[in-house]
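Coordinate-derived values only; no laboratory data. All values derive from a computational prediction rather than experimental measurement. For neighbour counting, all protein chains shown are included, and Cβ atoms are generated from backbone atoms with ideal geometry for every residue, glycine included.
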Amino acid sequence: MGDMGRRGAVALGITGLVAPLTLALGTAPAQAASCTTSTGPYQKQVEKFLGRPVDGRQSAADCTAIKAFQTKHGITPNIGYAGPITWGVMDLMLKQKAVGDKPNKNGTCPVNKGRIACVNLTLQLSWIQDGDKLVYGPVPVRTGRDGYETRTGLKKIYWRHIDHVSSIYDVPMPYSQFFDGGQAFHSAGVSMWNPPGSHGCVNMTKTDAKKYWSLLKKGDDVYVYGRKPGT
């Protein structure tokens with residue numbers, strides 16, 4: 001009986017040691033998963049964009065910087081991987097910056113309509129012009145995601161509602177200016193570079209939506225063209 005008791009005590013002791021060890025091991029993969037050690041296919045481009053040393057190899061500091069960018073813009077999974085979605089957002093930002101103050105350089109948005117709000121879906125930019133004079137912008141926007149594309153063509157603002165709430169999605173749509181069957185300019189409390197996009201509306205920051213509200217009126221023209229990346 002004494003031997004059995006001793007063996008039981010030893011077994012109990014081993015179990016007591018194993019349990020905390022298992023718990024400790026269990027937390028390690030979760031921590032590792034929160035920041036990947038894998039080098040992504042766009043590692044060098046992403047490193048350059050973020051001002052990191054460009055060596056094409058993932059480091060802990062690279063991962064922290066990439067993860068912070070992903071978290072800020074609602075890119076999932078936000079594990080610090082330099083993949084196509086993250087680089088796509090960065091590439092779009094670079095293309096938007098390159099436009100400068102000449103968003104209608106190629107004259108696609110009509111210059112014979114007087115005041116008009118233009119939306120370039122390809123570059124996810126919008127601006128207001130009067131003839132060939134730039135009035136405001138260009139500003140980054142977030143347009144319809146795949147399956148909810150913002151419809152292209154020449155439209156007019158037909159209804160404005162400063163404190164609108166969506167009857168379909170039950171979400172606030174401040175500074176709404178509707179121009180096409182439920183699609184509107186309005187402010188949204190998310191990053192304008194959030195990859196999925198809206199349910200068809202042209203989202204913008206509160207600052208820009210307020211400015212659009214002050215510059216546009218019912219009956220003003222809106223011209224939407226191009227195609228949002230990923231749709």
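Where Lys and Arg each count +1 and Asp and Glu each count -1, what net charge lies around Met90 among other residues with Cβ under 15 Å from its Cβ? It would help to have the intermediate numbers written out before the result.
Values: positive: Lys44, Lys48, Arg52, Lys67, Lys72, Lys95, Lys97; negative: Glu47, Asp62, Asp91.
That works out to +4.
Among the lysines, which have Cα under 24 Å from the Cα of Lys210 when same-chain residues fewer than 8 positions away are ignored?
Lys72, Lys97, Lys102, Lys113, Lys133, Lys155, Lys156, Lys218, Lys228
Efficiency by 1/(1 + (r/R0)^6): what FRET value for Thr231 and Ala61, r their Cβ-Cβ distance, R0 = 30 Å, to the nearest 0.05? Present the calculation step by step, with values, prior to reporting the outcome.
Values: r = 34 Å, r/R0 = 1.14.
Once rounded, the FRET efficiency stands at 0.30.
Asp130 to Lys48: extension gain in nm, 0.36 nm per residue of separation minus the Cα-Cα distance? Provide the component values of the computation, followed by the final result.
Numbers: separation 82, 0.36 × 82 = 29.52 nm, distance 3.76 nm.
Contour length minus the Cα-Cα distance gives 25.8 nm.
Would you mind calculating the gained length between Thr71 and Val111 on full extension (0.36 nm times residue separation, minus the Cα-Cα distance), in nm to one decimal?
Numbers: separation 40, 0.36 × 40 = 14.40 nm, distance 3.91 nm.
The Thr71-Val111 span can extend by a further 10.5 nm.
Alpha carbon centre of region 105-143 versus region 203-231: separation in Å?
Between the Cα centres of region 105-143 and region 203-231 lies a distance of 9 Å.
With each pseudo-label sitting 7 Å past Cα toward Cβ, what's the Lys102-His161 distance in nm, one decimal?
4.1 nm
Evaluate E = 1/(1 + (r/R0)^6) for Thr122 and Ser38, where r is the Cβ-Cβ distance and R0 equals 35 Å; express this FRET efficiency to the nearest 0.05. Can you show the working numbers first?
Numbers: r = 31 Å, r/R0 = 0.88.
So the FRET efficiency works out to roughly 0.70.
What is the sum of charges, Lys and Arg at +1 and Asp and Glu at -1, for the other residues whose Cβ falls under 10 Å from the Cβ of Thr231?
Numbers: positive: Arg145, Arg227, Lys228; negative: Asp146, Glu149.
So the environment of Thr231 carries a net charge of +1.
Grab the other residues whose beta carbon is less than 15 angstrom from that of Gln124, score K and R as +1, D and E as -1, and report the net. Don't jump to the answer; show the numbers that get you there.
Working: positive: Lys95, Lys97, Arg142, Arg145, Arg227, Lys228; negative: Asp91, Asp146, Glu149, Asp208.
Taking every other residue near Gln124 into account, the sum is +2.
Roughly how large, in nm² to one decimal, is the mean projection of the convex hull of the alpha-carbon atoms in region 104-225?
On the way: hull surface 26.6 nm².
So the mean shadow area of the Cα hull is 6.6 nm².
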